[in-house]
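Structure first, then comments.
The values are calculated or read from the model by the stated rules, or taken from the named source; none is laboratory data. The model shown is predicted, which means the values in this text are computed figures rather than measured ones. Glycine gets a Cβ as well: all are built from the backbone with ideal geometry, and neighbour counts include every protein chain shown. Ligands, DNA and RNA are stripped out before the accessible areas are found, and what is left, the full protein with its side chains, is counted by its heavy atoms. Shrake-Rupley method; radii C 1.70, N 1.55, O 1.52, S 1.80 Å.
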Amino acid sequence: MSAVPRPVTTTHSSHRSTADDARAAGCETLVDLLRFRAETSPDRVVYRFLPGDAKPEQRITYRELDRRAKALAARISETARSGDRALLLVPPGLDYVAAFFGCLYAGVIAVPAYPPNPRRPDPRIPSIVSDCDPGVALTTAPLLAKLDHWRGGDERLAALRWIAADEDASDASSAWTDGGIRGTAVAMLQYTSGSTAAPKGVMLTHRNLLHNLSLIRSAFNVTHGADDVGVFWLPPFHDMGLIGGILQPCYVGRGAVLMSSATFLQRPRSWLEAMSTYRATTSAAPNFAFDLCVERIKNEEVRDLDLSAWHTVFDGAEPIRAETIDRFTRKFADAGFRREAFFPCYGLAEATLFVSGGPWGQGPSSLDVSRAALEQKRVAPATAGDRLRLISSGAPATSQEVRIVDPESQAACDERRVGEIWVRGESVAAGYWNNPAESSRTFDAEIAGGARGYLRTGDLGFIDDGQLFVTGRLKDLIILDGRNYYPQDLELAAERSHPSLRPGHAAAFALTGESRERLVIALEVTRHHREPEHEAVFSAVRRALAEREGVLPDVVVLVRQNGIPRTSSGKVQRRATRAMLLDGTLETVARSDETIDDVARVLGTRSDTSAPVEAWLRRWVADELQIDVNTVDPTASVRDYGLDSVAAVRLVTEIEQVLGHRVDVALLWREPTIRSLSRALDAGGQGLSPRHVSDESAAARREERHVSPLPAAEFPEYRLLQSRLEELERHGLENPYFRVHEGATGSTARVDGRELINFANYNYLGLSGDPRVNAAVIEAVSRYGTSVSASRVVSGERPIHQELEQELAGFIGVEDCILFIGGVTTNVSTISHLIGAGDVVLCDELLHNSAMQGALFSGAHRLTFPHNDAAAVVRLLADVRSKYRRALIVIEGVYSADGDIPDLVQFVRVKKRHEAWLMVDEAHSIGVLGETGRGLAEHAGVSPRAVDLWMGTLSKSLASVGGYIGARREIVEYLKYTAPGFVYSVGMAPGNAAASLEALRILRREPQRVRQLHENAMLFLELAKARGLNTGSSGGTPIIPVITGDSVLAVRLSQQLLHRGINVQPMVAPAVSESAARLRFFVASTHTSDQIRHTVDTVASLCAVHVG
Amino acid sequence: MPSSDVGARLGTVAAETGSGVADVWLAWIGDHAREVDAFSREYLSAEERARVPEYRIREAAERYVVTRALVRIVLSQHIGVPPREIRVTRTDTGKPVVTDGVHFNVTHSGELVLVAVSEDCPVGVDVERKREVARVDALIARWLTESERTDVAQFRARGLTESDAFLRVWSLKEARLKALGVGISGAARAPLHRVRARPLDDLLESLVTQHDTHGYVGALAFA
């Protein structure tokens, strides 16, 4: 076995601290470092990884990490030699850490990159592969399988040897031998800068890394507490996450808790919870992360956190905002967070990581400067009315040199001047991989009349009183009339100025104009943005920029959602946006510099949006036939004007150019008049766009777009649906809707070949699927056929209809019943037929949609009363009853959102007092409530005759499909002869009637089913409550919600439960309010108590992680 | 049967593949302006007659009556049913057809109406008035296939103007589409290459008439 590395005199300038034992041991490489740790503290847990989703924490000790690294190194070394490159495509986690060290142990150069999304592989990866020519790639076994197609499709990728780093080959560790690499060897390549076409890999040697680790250590806390623990979620593929989050803890000999950035982004609270749980002292995050926490974490949740141990958070990687720091500090003060923990810092991959930060423990320091002076590249104190607050990026590390240099002349800047930040020191990388030209330009710059060997960071800033202030990127700087503007400031000012805009999705840049630079700001708009709003947005942006930045944009460009290019780490790419605007590939929705064509004025105002289309068509016909446009009759057809086929396609071609989308030629022949044709054309788009009318050349250049003649894709309602579904996808969730179940479904279901416990259907008594019911159906179909093929009024009546109606009437205790072929249609037809204009209908606010629709279609005055509030109904009726002919109150027997029951006695009292009719929708109470399942009346001990209309469905307890109304004989007769939903509908299919008839008979014979249902429901509810689940107001019914208060969480839980063999559907916004989002469990009599226990158990343990 | 009252028989055209022959008839709308009422009563079906007053433009009514009359007369020759009683229906792509085993197709442009009829196979016919077609390059780009664009180039190489070249290629395409019973919107998926089409220049030129047949291009296709 290898020995502890012998002490070697180092050439680093360094702090020699007695606690710096790693340095004292003379570690020259990261391999030495880890092996040192494995020797001296082998059983210490160095990293914990939180996979998220309530999965348990994973841990690794130094010994295990050493072993895994050796094993991987041995495997890598089978085909790779020292100095070869190895691509790392491993998701965040312990596998990643092991893979990284595995590369180092093998002496190969690690090239980390974001693991690709199998559905949208990153084009940067093949480009990186081309640039650094690795021989081997490390990934995980699951990802290896998913990326098969992608790998096979690109010969560069296919040529690599792919190793699954997560497969345990621990016996290989003994095969490892120390390659004896030196500190000068390149350890890794960092591909963060550069474009896809021209990637730039920063070469970092072991020496660079160890030097920088020592700088970081010195800068932030000379004496570490033995209890120091770090929590890091930054991507480990980039400098801050890798060096700060993974290498630094190993370097200082303290532990770290790691999470993936996805875990944080999906649920920002997970970060602070981890800080609290582990009593963490240290962390790191960019500016946006603090804002995200402020926005997404509720005030109530702050009190549950204990952040008092937190003494350091590195704040870097993007511009640091004073407001962000203030907001975060204020919000989390109650949890013990202190402002002094903020440790703003600055660095870049080209200098390994750390360039400036601290002094530690003082919190962020700020400087108020004159904005006007700063635009002139000078630093002057702020005056009243001219103030800009800047946050410093800390003190430059003392063992490096940081200079401010004029980027043009390369002369050193005087104090109080803004220039480019140049760095020289041991942490500065040797250069870019295989790119000597770029490397010498960037890494070996010379100060005019002075020394060379400086790194040009490309960032602008100044030093004031020993503190470095970074103002922006040189390349992005916008210079207008000799004044410097930083695009991020302009973007920030503009992007919140109008609700149509998407904050964080804007790019400001300059275009060279004829006489001067023009300021362009491109902003993404949400999907809901509509054309008439363009001007409003332009104005808002202009006003915001004028007020906050003192500058007016020359052009405001509105871009389609996600149309502005971003880097893999999410930063807006301003130069790429600019290039796309210039070559016309930017998906522009509108530009403020378009001139409105005169033609639009000629065509008149757009009160009727199709009027311009009609006018255009008439003008076209007039031109074609050389006649006066006023003689072109809009009530005539284009055909009447004798278009031959060439003229027809000419017309269509021009219409397409005008409207901007494809048009079906058949439309010309289908529409009877020019006017109706105009409307049909206009319905397919948004009317005439004036700029198209005269722009022939642009039209001819227009690419062919593929749009169907029916404009469904353009409908705002459809777009809204799409955006909701995409929202799910963005959260990494499967679409929970339209899950296909195989075979008969009851308390269990079969989906994708897996057996699940099913809580997502209403087969309350397990009668659907019962062989007796099936047999009855078959018998009825054999006798009557599958359809009655006519309305019951004419020839569709069958004995089985009457049998079922009588059986139902007898069961629920009314005079007669009428069957409808669907539950929805029962409500819609009945309500809209029995009442109308001049009547009033009062609906419980949670009433089922079908009844609400019936009320809407009836034309009666509709009033909604608070849920279950009979007193409110009294007040309402007292007020208005006399104004109306008839009054109808509609409630449900069991409400399906909450599983609660109304007080029938109260409602009956109300209806009697005010001469109103009462209708009860028993969809979820028939076969469910009452000792024998006769519904709400039995449950409440009220005579069924007290209610005027009993509505029910046949699809739940009664194992079929359809609906019924039970009422007095006259009402049923009236409906049978006159209700359109009955008269004009085919009669119920014999099979359906037979199913319910048999089900009803079984129910009469076997009332114990209802008892069993009640017991199961009670068991579920009690267990759920005992486990602290929020079951809302459910009581005594088989519908039990588990309220999550968060739509995304509800969908995620549903997915997790599905993976654990339990099927339950979420109920989310907008069906319910966000705070009422839930899972909804429908218990059946056929569930076993084991299934119920297991389910509640599983739900509770999943919820424990998510909900407070 | 007063066949010489409406239209002249242009001639019989044989399909290249030997799969059949088609008769092509022609009528000049203007010639019969005064006879619209008479034709309407004599040749049109009851439904067609009822539609005539719906036309708000005189010329449209004339074109309608003359076209329908010509079609009925020509069909009557072939199937032996009085013109008025022939039942014309439409396919779901809108192509007019009869069920009596006779294929026919109609086209018109300007003053000219053509009817082609065959007992052997489906036919398509198209005629276009020659004129300067505005923005013809946009039409070529939008509606023609790669090989059709090559055809246009070949015509141009022979000295035709772009408009004329386009009209020729277009009428051949239309004739094919109509023989298949497919509209232009179905062109992308239609097996046009399997449909033979030939220009009608010879027939048009052979006609003795005071009308300007040179002002038209036409094509006939057999499916």
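Computed from Cα positions, the angle between helix A:1008-1026 and the longest principal axis of chain A comes to roughly 30 degrees. Amide hydrogen proximity for A:THR192: with H placed 1.01 Å from N in the peptide plane, the residues at 5 or more positions away or on another chain lying under 5 Å are A:VAL202.
Measuring only protein heavy atoms, the 1.4 Å probe finds A:GLU438 accessible over about 50 Å². What a 1.4 Å probe finds exposed on the protein assembly as shown is 49% carbon and sulfur by accessible area, rounded to a whole percent. Between segment A:621-670 and segment A:1002-1064, the alpha-carbon centres lie 62 Å apart. Give me the angle, in degrees from 0 to 90, between the Cα long axis of helix A:799-812 and the longest principal axis of the Cα atoms of chain A, rounded to the nearest 10. Taking the Cα atoms of chain A, the angle to A:799-812 is about 80 degrees.
Figure note: B:VAL52, A:VAL920 ranked by solvent-accessible area, largest first, 1.4 Å probe, ligands and nucleic acids not counted: B:VAL52, A:VAL920. For segment B:72-80, backbone phi angles converted through the Karplus equation (6.51, -1.76, 1.60; θ = phi - 60°) give residue-by-residue couplings of 5, 5, 4, 5, 4, 4, 8, 10, x Hz, Gly and Pro being listed as x.
Nearest 0.05, what FRET efficiency do A:ASP304 and A:SER366 give at R0 = 22 Å with Cβ-Cβ as r? So, using R0 = 22 Å, E works out to roughly 0.10. Quick check: Cα centre of segment A:102-131 to Cα centre of segment B:139-192, how many Å? For segment A:102-131 versus segment B:139-192, the Cα centre distance is 51 Å.
Counting Cβ atoms of other protein chains within 10 Å of each Cβ in B:177-183 and taking the mean gives 1. Counting Cβ atoms of other protein chains within 10 Å of each Cβ in A:646-654 and taking the mean gives 6. The charge dipole of chain A, taken about its Cα centre with unit charges on the Cβ atoms of Lys, Arg (+1), Asp and Glu (-1) only, comes to about 1440 debye.
Rolling a 1.4 Å probe over the protein chains gives A:ARG909 an accessible area of about 140 Å². Note on exposure: A:LYS976, A:LYS571 ranked by accessible area (1.4 Å probe, complete protein assembly) read A:LYS571, A:LYS976, with the most exposed listed first.
Ordered by 1.4 Å accessible area with all protein chains kept, A:CYS413, A:CYS817 run largest first as A:CYS413, A:CYS817.
Rolled with a 1.4 Å probe across the full set of protein chains, the surface gives A:GLU301 an accessible area near 40 Å². For the chain pair B and A, the buried solvent-accessible surface (1.4 Å probe, both sides summed) amounts to about 2000 Å². Each peptide in A:439-452, A:933-946 was scored by the mean count of other Cβ atoms within 10 Å over its residues; highest first, the order is A:933-946, A:439-452. Considering only beta bridges that DSSP places wholly inside the protein assembly as shown, some 65 percent are antiparallel.
Inter-chain neighbour count for B:133-145: the average number of beta-carbon atoms from partner chains within 10 Å of each residue's beta-carbon is 4.
Between 0 and 90 degrees, the angle of helix A:990-1005 with respect to the longest Cα principal axis of chain A falls at about 90 degrees.
Based on the Kirkwood approach, the hydrodynamic radius assigned to chain A is 34.9 Å, with every pair of different Cα atoms included.
Between segment A:850-913 and segment A:916-966, what's the alpha-carbon centroid distance in Å? Taking the Cα centre of segment A:916-966 as reference, the centre of segment A:850-913 is 16 Å away.
Excluding same-chain neighbours fewer than eight residues apart, the lysines reachable from A:LYS911 by a Cα-Cα span under 27 Å are A:LYS883, A:LYS976. For a bin width of 5 Å, list the pair-distance distribution of segment B:8-222 built from all Cα-Cα distances, rounded to whole %. The percentages, shortest bin first, are 1, 7, 14, 18, 19, 17, 12, 7, 3, 1, 0. The charge dipole of segment B:8-222, taken about its Cα centre with unit charges on the Cβ of Lys, Arg, Asp and Glu (plus for the first two, minus for the last two), comes to roughly 500 debye.
Per-residue packing, averaged as other Cβ atoms within 10 Å, sorts the ranges A:105-118, B:56-69 into the order A:105-118, B:56-69, beginning with the highest.
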